[in-house]
Ligand code: ES4
Ligand code: ZN
């Protein structure tokens, strides 16, 4: 009975959210108006009605359309600031935000505009909300490795404004092995490295992310439940999985949360965490994900505390901060 209150109040880190996926339909329309961008939807209601996804690609098509309203540094600031205020209300003490620069530079928005807008919101979050926030630059895996290398190069003048790199977008057909060189370069630069793997694609993608990209966390990773040997390895290595239950439900990976493997992952000793992925599109922020997942399973307060502890442990925050939050 007190479980929902515990889930809401416990200090937590959010490690898997795409900041462009925090754009609520109302903000998409407000920014479209501010920037004189024409949307292929007549109203907020019509846009929201299009949020009926059958798989990852059907979502990505709408997600990239929504991001087309972002043009100025203030747009990026406003988007991230809105999310960080929402995260603070969920007792998020640490947020690591993914962003997709290629989605914006391809439209002529300068890298500097994207990074400085997001970075200023992260700085203000620490000062005004007490939320520690940092950025992770993601490469779009449906594009080439050369384009990823160019993107990393273009971001170098703002190297101190992000803490790591990730890999997102259309998974099947774009395995981690395609990005070995750019991840090696990022590691050489001292950046943290993560990758989406095993969201829709088979466990082999998770093995590649570990062995070829040498990632420090797996984003999603839920397909690991299909590979017993991999499960044992992930548990032994305490490799964090940033799991996103409402995303998995909305993209039909686990259409019924009662079939979601989160409890199985925790009970097998894996370092699983709960995150919102694209909260404006999938029906909720991190506490909504926790509430839905606990309502659909027989997890208890021990699982709740484990998830919170895992999220802090798996974060890239300074060790002194982690010790204080735990
Ligand atoms: C994403 Cl749910 C998901 N998967 C892969 N890439 C993404 N980018 C934004 N949301
Ligand atoms: Zn994601």
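The values are calculated or read from the model by the stated rules, or taken from the named source; none is laboratory data. All values derive from a computational prediction rather than experimental measurement. Reconstructed Cβ throughout: ideal geometry from the backbone, glycine too, with neighbour counts over all protein chains shown.
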Out of the stretch 266-292, which residues are touching a helix residue (DSSP H, G or I) at 6+ places or on another chain (Cβ under 7 Å) and more than 21 Å from residue 59 (Cα to Cα)?
-> 266, 268, 269, 270, 271, 272, 273, 287, 290, 291
Meets criteria (at pLDDT 95 or above, within 16 Å of ligand 1 (Cβ to nearest atom) and part of a loop (DSSP other than H, G, I, E, B)) for residue 269 = no
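Please find, among 302, 233, 326, the residue that is surrounded by fewer than 24 Cβ atoms within 10 Å (Cβ to Cβ) and modelled with pLDDT under 95.
From the options 302, 233, 326, the qualifying one is 326.
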Test each condition in (1) assigned to a loop (DSSP other than H, G, I, E, B); (2) touching a strand residue (DSSP E or B) at 6+ places or on another chain (Cβ under 7 Å); (3) surrounded by 16 or more Cβ atoms within 10 Å (Cβ to Cβ) for residue 214 and report the one that comes out false.
-> (3)
Give me a count of the residues in the stretch 155-171 that are closer than 12 Å to residue 101 by Cβ and near ligand 2 (Cβ under 10 Å from one of its atoms).
-> 2
Hey, residue 161 more than 16 Å from the chain's Cα centre (by Cα) and over 25 Å from residue 217 (Cα atoms) or not | no
Please enumerate the residues belonging to the stretch 210-227 that are more than 13 Å from ligand 1 (Cβ to nearest atom) and either closer than 20 Å to residue 185 by Cα or at pLDDT below 95 (or both).
-> 210, 211, 212, 213, 214, 215, 216, 217
Are there any pairs, at least 6 apart or on different chains, whose C-beta atoms fall under 9 Å, with the first in the stretch 247-270 and under 21 Å from residue 286 (Cβ atoms) and touching a residue at least 60 places away in the same chain (Cβ under 8 Å) and the second assigned to a helix (DSSP H, G or I) and within 16 Å of ligand 1 (Cβ to nearest atom), and if so, which?
-> 250/59; 250/281; 250/282; 251/56; 251/58; 251/59; 251/282
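Taking the stretch 246-267, which residues are over 15 Å from residue 198 (Cβ atoms) and away from ligand 2 (no atom under 16 Å from the Cβ)?
Of everything in the stretch 246-267, those that are over 15 Å from residue 198 (Cβ atoms) and away from ligand 2 (no atom under 16 Å from the Cβ) turn out to be 255, 256, 257, 258, 259, 263, 266, 267.
Scan the stretch 230-243 and tell me whether some residue there is within 11 Å of ligand 2 (Cβ to nearest atom) and not in a loop (DSSP other than H, G, I, E, B).
We begin by selecting, within the stretch 230-243, every residue within 11 Å of ligand 2 (Cβ to nearest atom); these are 242-243.
Narrowing further to those that are not in a loop (DSSP other than H, G, I, E, B): 242-243.
So far as the stretch 230-243 goes, yes, one or more of its residues are within 11 Å of ligand 2 (Cβ to nearest atom) and not in a loop (DSSP other than H, G, I, E, B).
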Neighbours by Cβ (under 7 Å, 6+ apart or cross-chain): first from the stretch 162-178, within 19 Å of residue 118 (Cα to Cα) and touching a residue at least 24 places away in the same chain (Cβ under 8 Å); second part of a loop (DSSP other than H, G, I, E, B) and within 14 Å of ligand 1 (Cβ to nearest atom) | 167/141; 168/100; 168/141
Per the list (1) in a helix (DSSP H, G or I); (2) more than 14 Å from ligand 1 (Cβ to nearest atom); (3) out of contact with any helix residue (DSSP H, G or I) (no Cβ under 7 Å at 6 or more places or on another chain), residue check on residue 57 breaks on (2)
The stretch 14-33 - residue that is in contact with a helix residue (DSSP H, G or I) (Cβ under 8 Å, 6 or more places away or on another chain) and more than 16 Å from ligand 2 (Cβ to nearest atom) and, of those, nearest to residue 72 (Cα to Cα) | 31
How many residues are under 12 Å from residue 11 (Cβ atoms) and out of contact with any helix residue (DSSP H, G or I) (no Cβ under 8 Å at 6 or more places or on another chain) if we restrict to the stretch 306-316?
-> 3
